[in-house]
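Structure first, commentary second.
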Amino acid sequence: MALNLDKTSIRQWLIRWMVKLGRVKSVTMSADEINALLGENLPETFNIPVPGAKGEVIVQTAKISMPPLADHFVIHLFCALNIDSVANPIYRAHVDIEGVAWPAYNRENKQIFLTDIKVGKMTLIQDEYSLLKDTRQLMNSLVPEPIRSVFGVTVKTTLNVLSRGIYKDAKQYLSLYMLNNKQKILDYHKPDLEKVVKRLSDDAELNYYLDEHNFEEQLFAEFGKAVIVKNGELQFIFRH
């Protein structure tokens, strides 16, 4: 008489006991597996403060790597930086951001997330997406029509209007555009971009909560101790 056994249930029972007895100390995850999960939650948009204008950063892709001798992730973010003034796009650029971060596990919330995020370098990508409105177009969008008609549009006129009008606080920022230098504008926004990257650790969409309906994840939720980077892999360490 053959026994009708549920092999999946038996396998899960055996694994559970092997974990409890300390025979299975950890499981691993590759960079490719992590990158596939990251891709499911992107793109993600963040607003940034811009004097007299509207700014947003769109994190379009995120990839991590784990060097064999490192205890951290190396993160590469491909982002779009968009600035609009008076409902007109005045600056647009793709930016490659590189940084490092460490994985962390909150046992109480069953949550895996990034911590201690540090930004290394930002690189301006010169591609077809890149846009910087020329000086004439920018001034036309900022100076009211009556003033343009009477005085014409000059750098001096524009800066005088900015000094007295609703854009007073934006004068210094918008003056950057008169230099016609995309890199200088990116340099101005670097502190805000760094804040966006560090906010990723607080973004619920980019944090991972263990699924209690998935056997492997439920097992780690019950017996998991820590999540670390070691030997080029993400390791899930069980407690005993």
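Listed values, structure above:
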quantity: Subset tally (residues that are modelled with pLDDT under 90 and either part of a strand (DSSP E or B) or under 19 Å from residue 81 (Cα atoms) (or both)) for the stretch 29-38; calculated: 0
quantity: Per-region count, the stretch 52-87, residues under 19 Å from residue 131 (Cα atoms) and surrounded by fewer than 17 Cβ atoms within 10 Å (Cβ to Cβ); calculated: 7
quantity: Hey, residue 99 touching a strand residue (DSSP E or B) at 6+ places or on another chain (Cβ under 6 Å), of a type in the set (Gly, Ala, Ser), in the same structural domain as residue 189 (by TED's automatic domain parsing) and free of Cβ contacts under 8 Å to residues at least 24 places away in the same chain or not; calculated: no
quantity: Flag if residue 185 is at pLDDT below 85, under 27 Å from residue 84 (Cβ atoms) and either among the small types (Gly, Ala, Ser) or outside any strand (DSSP E or B) (or both); calculated: no
quantity: Meets criteria (within 13 Å of the chain's Cα centre (by Cα), surrounded by 14 or more Cβ atoms within 10 Å (Cβ to Cβ), closer than 26 Å to residue 236 by Cβ and modelled with pLDDT of 95 or more) for residue 100; calculated: yes
quantity: Residue 232 touching a strand residue (DSSP E or B) at 6+ places or on another chain (Cβ under 8 Å), assigned by TED's automatic domain parsing to the domain that holds residue 108 and of a type in the set (Gly, Ala, Ser); calculated: no
quantity: Single residue of the stretch 116-130 satisfying the filter (of a type in the set (S, T, N, Q) and exposed (fewer than 13 other Cβ atoms within 10 Å of the Cβ)) that is nearest to residue 75 (Cα to Cα); calculated: 123
quantity: Condition met for residue 33 (in the same structural domain as residue 192 (by TED's automatic domain parsing) and under 13 Å from the mean Cα position of the chain (by Cα)); calculated: no
quantity: Looking only at the stretch 1-20, and only at residues there that are within 22 Å of residue 228 (Cβ to Cβ) and not charged (D, E, K, R), the one that is modelled with the highest pLDDT; calculated: 18
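The values are calculated or read from the model by the stated rules, or taken from the named source; none is laboratory data. What you see is a predicted model, and the numbers here were worked out from it, not measured in a lab. Quick reminder, even Gly has a Cβ in these numbers, built from the backbone with ideal geometry, and neighbours come from all protein chains shown.
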